[in-house]
Structure formats: structure tokens, C-alpha cells
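See below for the structure under consideration.
Computed from the coordinates by the stated procedures, all read-outs in this text should not be read as laboratory data. Everything numeric in this text was worked out from a predicted model, so none of it was measured. Every residue, glycine as well, gets a Cβ built from its backbone with ideal geometry; the counts of neighbours run over all protein chains shown.
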Amino acid sequence: SSVKAGIVIRIISPSTTGPATALYAVLTKFGNTTSSATVTLDGNRRAIVVGNIQFVDNGSEQFTCTIDGTVPCKSGLNAARVSDVGITFDFYAAEAARRLRRDAQSKVGPATASEEVIANQQATCVSVPVTGGSATYCAMENGMIAKLDDGDVLIVLGLLTPTVDPARLEPVNP
């Protein structure tokens, strides 16, 4: 069963480069709040928006901005800006792999593998029984998650396009 988790961990790739734009719905289970998240990837450039917070990494500079401009952009990627949502700006790949490794180490039974179609995308999934329930991780061939459902959050892909709007890769309020 650790082999099943390993397969999904290998698919989830923090080195995913796109070009891709992915729209996600994020349910934070504590407080039952929903946020939208968008991931835009193009080569060594990426922009992640979670709720009102935008993270931009253009390959040479990094910024954390607010979409509505209430707080000016700051240099660097400040993960604390979305800590209330329960995810980081790496939720779509590296963070999902970390969560899956943690759950695979603390599993209370055998993991089960499956295939799912999520937002018209084929995904390889693994469900890991953990104390208090199970955690499900689904990854697409491009290395991004299609679904993550654990005790803290439910993240579901709503749309994936193989295109990028270059404006999305710029800080909204530099």
C-alpha cells in the first residue's frame, strides 16, 4: 500500500512548468469556509492566487500582493498571508506531496489506488486510511493535484487549461 502512495507522490511534481492555468475550489474544514485558488505556470514563472492574496515568482523576483490593493506588494513569498485558509502557495504540488508522505507514514491500514476524472482530467488517486478517517490525493499527469481531501482541507480542480494569460504572471499592484 505504500507503493500506491509512492506512485501518486511521484506523479505530483513541484517542477511542473506548464504552460497551464488551473482553477481550484478550497474548502477549509475548520470554520467551513470556501476560497478560490488559481495557479498559473509558464516555464520558470508562476503566479498563485489564494482568495485575495497573489504570490508571484517570475524566475528572478518574488512578490506577495493583495488582489484588491489594500496592502502593497511586498518582496518575497509570504506563506503566512494564507495561513487562515490552511494551505500554502505550493498547495498544487510540493505541499500535496508533503501531506501525502506524512499521511502514508501514519496510515492505519492499507492504501487504495483508483483512477478518477476530475474537471475532465484523468487523475491517479490514492486513499490513505488515517486516524479519524481517510485522506485522498489525486494527481494529474502534468504533476499538479486534481483533488486533495484530508482532515484539514478539500481542494478540487474546477478547470485546467494548457494556456497562460501573461498578465496573470505579473504582480497585480506592484
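No cysteine of the chain lacks a disulfide-compatible partner when judged by a Cβ distance under 4.7 Å.
Of all aspartates and glutamates in the structure, those lying under 16 Å Cα to Cα from Lys74, and not within fewer than 8 positions of it along the same chain, are Asp57, Glu61, Glu170.
Of the peptides 22-30, 108-116, 148-156, the order by per-residue mean of other Cβ atoms within 10 Å, starting with the highest, comes out as 148-156, 22-30, 108-116.
Pairs of Cα atoms under 8 Å, at least six residues apart: use those to get the relative contact order of the chain, whole percent.
Details: 413 pairs, mean separation 51.8, N = 174.
Across the chain, relative contact order equals 30 percent.
Taking the C-alpha atoms only, the angle from helix 94-105 to the longest principal axis of the chain is near 20 degrees.
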